[in-house]
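Beneath this line is the structure, given in structure tokens, with notes to follow.
The values are calculated or read from the model by the stated rules, or taken from the named source; none is laboratory data. Since the model is a prediction, treat every value here as computed from it, not as a measurement. FYI the Cβ positions are ideal-geometry reconstructions off the backbone, even for glycines, and counts take in every protein chain you see. Accessible surface is based on the protein model in full, side chains and every heavy atom, while ligands, DNA and RNA are left aside. Shrake-Rupley method; radii C 1.70, N 1.55, O 1.52, S 1.80 Å.
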Amino acid sequence: MAFANWTQYLDQDETTHRYPTLDDFRRESGLQVSYTEDIDDNDVYVNKIAPQLRAGQDIGRDIVVLSDWMVNRMIAQDLVQPLELLRMPHAPGILPELIDAPFDPGRAYSLPWQSGLTGIAYDASKVKEIRSVDDLWRPDLKGRVVALTEYRDTLGLVMRSQGVDPAQPFTRDQFAAAVDVVRKQVAAGQIRRLRGNSYVQDLQSGNALAGIVWSGDVVTLRAETGNDSWRFVLPESGGMLWSDNMVIPSTSTHRRNAEALMDYYYRPDVAARVAAWVSYICPVRGAREAMAKVDPELVDDPLIFPSTAELARQRVFRALDPAQEAELAAMWTAVVEA
């Protein structure tokens, strides 16, 4: 079977460049698994595979990891297979906050791979404290700010700073007001660029000193640059909560093998090993207790195991119907492609 994921999203041995938990699964199950880091942007990836799926063609992948809103679209278009949950004894271990996703109630088609927060990162050795989205527009940061092409992240944060809750119904004008903020900052040169997963490269190189980011990337940034001054903060107005989810493409011929692998990653001991490496919110109940044997220092890490109260402060961007999604995406695409 073949597993497609985002970059730096699975535990990896820095010397051998192999994936220890995946190697253990191969040994335990006797199944062969190829693993590729194919995904950098939801739209770009799905635009490549969707025509093949609609034509009933095998895309050569049996598990793909996509964000909440894209899974919503894939389910609506019958491009993924339902899960045989009775064959997945560990799957019920999902965190309660993630079970009843608006796009997949009861998780009949998807399981969260990792969850995370969208907030702000900045290099505290070079930038004074940042506490709000508006702080990113300070003159001292001109041309040194990055933001994400995923509008639910970037605009979700901006909307919250404007007092709009992206988890609830909002108007076109409210969405447009957030788009206008980003458009103006891009045009003024305040935002260096809007990027997918590769936005981290600008932070690693020092070309950017702050930005709207995904929480787990800050831990990777510290490790890869040797700079512990990178900070992740949730704006005073609040952050965004999201999940990337495992799904089985509609044309996969290895569904049960894929389900076995998905279920394996819901074992708390395995989930803890992955979480220790990727530093995103672990979606598996019991993983925090298992982390005590993996890396005791991470048991109380709020980026991996946030409190229930902290999670309650964040918002998940609401599910959109196809017409809404098309309208909002067109408004945002005009900014990204400008």
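Examine segment 138-156 for a residue that is touching a Pro at 6+ places or on another chain (Cβ under 9 Å), in contact (Cβ under 8 Å) with a residue 40 or more places away in the chain and not charged (D, E, K, R), and state whether such a residue exists. Spell out the reasoning first.
Filtering segment 138-156 for residues touching a Pro at 6+ places or on another chain (Cβ under 9 Å) gives 152, 155-156.
With the extra rule that they be in contact (Cβ under 8 Å) with a residue 40 or more places away in the chain, the set shrinks to 152, 155-156.
In the following step, the residues that additionally are not charged (D, E, K, R) were identified as 155-156.
Scanning segment 138-156, I find at least one residue that is touching a Pro at 6+ places or on another chain (Cβ under 9 Å), in contact (Cβ under 8 Å) with a residue 40 or more places away in the chain and not charged (D, E, K, R), so the answer is yes.
Of everything in segment 5-32, what is open to solvent by 10 Å² or more (accessible area, probe 1.4 Å) and among the aliphatic types (A, V, I, L, M)? Give them in sequence order.
Correct list: L31 only.
With touching a Leu at 6+ places or on another chain (Cβ under 9 Å), open to solvent by less than 10 Å² (accessible area, probe 1.4 Å) and over 17 Å from R107 (Cα atoms) as the only criterion, which of M240, M246, M262 stands out? Don't jump to the end; show me each part of the working.
On the way: M246 fails: over 17 Å from R107 (Cα atoms); M262 fails: over 17 Å from R107 (Cα atoms).
Result of the check over M240, M246, M262: M240.
Of everything in segment 171-194 that's open to solvent by less than 40 Å² (accessible area, probe 1.4 Å) and part of a strand (DSSP E or B), which residue is nearest to G206 (Cα to Cα)?
Among residues in segment 171-194 that are open to solvent by less than 40 Å² (accessible area, probe 1.4 Å) and part of a strand (DSSP E or B), the one nearest to G206 (Cα to Cα) is I191.
Please give the helices (runs of 4 or more DSSP H) falling wholly within segment 29-137 in which 2 or more residues are over 19 Å from the mean Cα position of the chain (by Cα).
Correct list: 42-54.
For segment 44-76, name all the residues that are of a type outside the set (A, V, I, L, M, F, W, C) and open to solvent by 60 Å² or more (accessible area, probe 1.4 Å). Spell out how you get there, then give the answer.
Here is the first cut: in segment 44-76, the ones of a type outside the set (A, V, I, L, M, F, W, C) are 45, 47-48, 51-52, 54, 56-58, 60-62, 67-68, 72-73.
Selection gives N47, K48, P51, Q52, R54, Q57, D58.
Is it the case that segment 201-218 has a residue that's within 19 Å of the chain's Cα centre (by Cα), under 28 Å from A276 (Cα atoms) and among the acidic types (D, E)?
Scanning segment 201-218, I find at least one residue that is within 19 Å of the chain's Cα centre (by Cα), under 28 Å from A276 (Cα atoms) and among the acidic types (D, E), so the answer is yes.
Here is a yes/no grid of residues against (1) at pLDDT below 95; (2) open to solvent by 20 Å² or more (accessible area, probe 1.4 Å):
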{"position": "L221", "(1), (2)": "yes, no"}
{"position": "G226", "(1), (2)": "yes, yes"}
{"position": "Y266", "(1), (2)": "no, no"}
{"position": "R273", "(1), (2)": "no, yes"}
{"position": "P283", "(1), (2)": "no, no"}
{"position": "D301", "(1), (2)": "yes, yes"}
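So T253 ticks every box in (1) part of a helix (DSSP H, G or I); (2) under 30 Å from M74 (Cα atoms); (3) open to solvent by 40 Å² or more (accessible area, probe 1.4 Å); (4) not aliphatic (A, V, I, L, M) but one. Which box is left unticked?
(1)
In the list V213, V218, which residue meets the criterion of being part of a helix (DSSP H, G or I) and among the hydrophobic types (A, V, I, L, M, F, W, C)?
Going through V213, V218 in turn, just one is part of a helix (DSSP H, G or I) and among the hydrophobic types (A, V, I, L, M, F, W, C): V218.
Give segment 218-248 a look and list any residue that's charged (D, E, K, R) and within 15 Å of E310 (Cβ to Cβ), or say none.
Within segment 218-248, E236 is the sole residue that qualifies.
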